[in-house]
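Enquirer: Okay, handing you the structure first.
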Amino acid sequence: MRDFDIREYNAEDIPALSRLWEKTFEDSPALIADFFRLLPDMGTGLAAVQNGEIVGAAYVIMGMELLCGEAKPVPGGYIYAVAVEERCRGLGIGSALTRSARDEGLRRGAAFVCTLPASESLYGWYRELLGVESALFRSTFRADCAALEPVTPLSVTEYMLWRENILRGQTHLHLSYPALAFQYQLCKAYGGGFFAVGSGICAAYLDGETALIRELLLMDESKKGSAAASVGAAIGAKDFILYRPAPEGEPYIAALPGDIPADCVWNLSFD
């Protein structure tokens, strides 16, 4: 019999949840504050409580849907930022939070619930827990940065409009404005942002001296290398990592088999 309870978070929980987030993921207080500011419009959070103290948390992001041509949009849920106090690990709290987040997503109308495991070794854990497996794969391309094309910052609204225009007619992940706004804040917190480059757009941030290209969408796909190099140079990186969809390779988004089409353009995971 477990000695903890799981319930939906409330505003009074935010200080304790913020401390747990910062200890677990080492994000800045400003980014964490942005997340909780946007959370009510993105989804919700679940808190694990033991003896009146919050000892774990998980979040479900609802601001997403799959657009597949003329078909009706398919709403999805995304399990995010599962965290448990170090002294309480091994008690089943993380598993209970993850299952509860899945159930909450389905209760709120998600037709599918997915996640991005923090490491490749966790795909097996999620498979046993939720029955999910990698639905998408990607390959990694790395090269030096160079200012080859003009790069211009974009607002969240501008990026959303560009993105949907480029992806029109393709099966892709559509994010609500609040969910996309958190993606923007995440990029900004780590020295990047949303940009127009060449014939398209890019979302990127810094990991040390490397630019992580979280999304690069161009009308002319042959220019991806020069566009990524230019965005990396614009944010002060020496080299860049560009993830590209692949039929096999590094596992990416995990979902129940058949929930996410293999040709879906995803890119903007909550990581």
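The values are calculated or read from the model by the stated rules, or taken from the named source; none is laboratory data. The shown structure was predicted, so the numbers you read here are calculated from the model rather than taken from an experiment. Positions of Cβ are backbone-derived with ideal geometry, glycine not excepted, and every protein chain shown enters the neighbour counts. Keep in mind that these areas ignore ligands, DNA and RNA; they rest on the heavy atoms of the full protein, side chains included. Shrake-Rupley method; radii C 1.70, N 1.55, O 1.52, S 1.80 Å.
Enquirer: Compute the Cα gyration tensor for segment 1-48, then decide on rounded, prolate or oblate, letting a ≥ b ≥ c be the square roots of its eigenvalues: rounded whenever a/c is under 1.5, prolate when a/b is larger than b/c in the other cases, and oblate in all that remain.
Expert: It is oblate, given that a/c is not under 1.5 and a/b is not larger than b/c.
Enquirer: Could you give the nm distance between label points at L161 and N51, where each point is 7 Å from its Cα heading toward the beta carbon?
Expert: 5.6 nm
Enquirer: Which whole-number percent is the relative contact order of the chain (Cα, under 8 Å, 6+ apart)?
Expert: 21 percent
Enquirer: I've got another one for you. By per-residue mean of other Cβ atoms within 10 Å, what is the highest-first order of 157-165, 226-234, 116-124?
Expert: 226-234, 157-165, 116-124
Enquirer: Right, something else. Could you work out [θ]222 nm for the chain from helices alone, using -39500 (n - 2.57) per DSSP H run of at least four and dividing by all its residues? Round to the nearest 500 deg cm²/dmol.
Expert: Result for the chain, helices only: -10000 deg cm²/dmol.
Enquirer: When a/c reaches 1.5 or more, the comparison of a/b and b/c decides; with that in mind, is segment 163-226 rounded, prolate or oblate per its Cα gyration tensor?
Expert: oblate
Enquirer: With only Lys, Arg, Asp and Glu charged, each at its Cβ (+1 for the first two, -1 for the last two), find how big the charge dipole of segment 96-183 is about the Cα centre; round to the nearest 20 debye.
Expert: Rounded to the nearest 20 debye, it is 260 debye.
Enquirer: Let me ask something else about it. Leaving out ligands, DNA and RNA, what percent of the accessible area of the chain is carbon and sulfur, probe 1.4 Å?
Expert: Taking all protein chains in place, the chain shows 51 percent carbon and sulfur surface.
Enquirer: If I model a spin label as a point 7 Å beyond the Cα along the Cα-Cβ vector, how far apart are those points for E221 and E22 in nm?
Expert: It works out to 4.5 nm between the two label points.
Enquirer: Tabulate in residue order the Karplus-calculated ³J(HN,Hα) for segment 162-175, using 6.51 cos²θ - 1.76 cosθ + 1.60 with θ = phi - 60°, rounded to whole Hz; enter x for Gly and Pro.
Expert: Along segment 162-175, the couplings run 4, 4, 5, 5, 5, 8, 4, x, 9, 5, 7, 7, 10, 9 Hz.
Enquirer: Can you list the residues, at least 5 places off or on another chain, whose amide H is less than 5 Å from the amide H of A237, using H built in the peptide plane?
Expert: The list, which skips near neighbours in sequence, is empty: none.
Enquirer: Can you work out the Karplus-derived ³J(HN,Hα) for every residue in segment 14-26? Use 6.51 cos²θ - 1.76 cosθ + 1.60 with θ = phi - 60°, whole Hz, and x for glycine or proline.
Expert: 4, x, 5, 5, 5, 5, 4, 4, 5, 5, 7, 10, 6
Enquirer: Kirkwood hydrodynamic radius for the chain: how many Å is it when counted over pairs of different Cα atoms?
Expert: 19.3 Å
Enquirer: Please sort 204-210, 95-101, 26-32 by packing, taking for each peptide the average over its residues of neighbouring beta carbons within 10 angstrom, highest first.
Expert: Averaged packing, sorted descending, gives the order 95-101, 204-210, 26-32.
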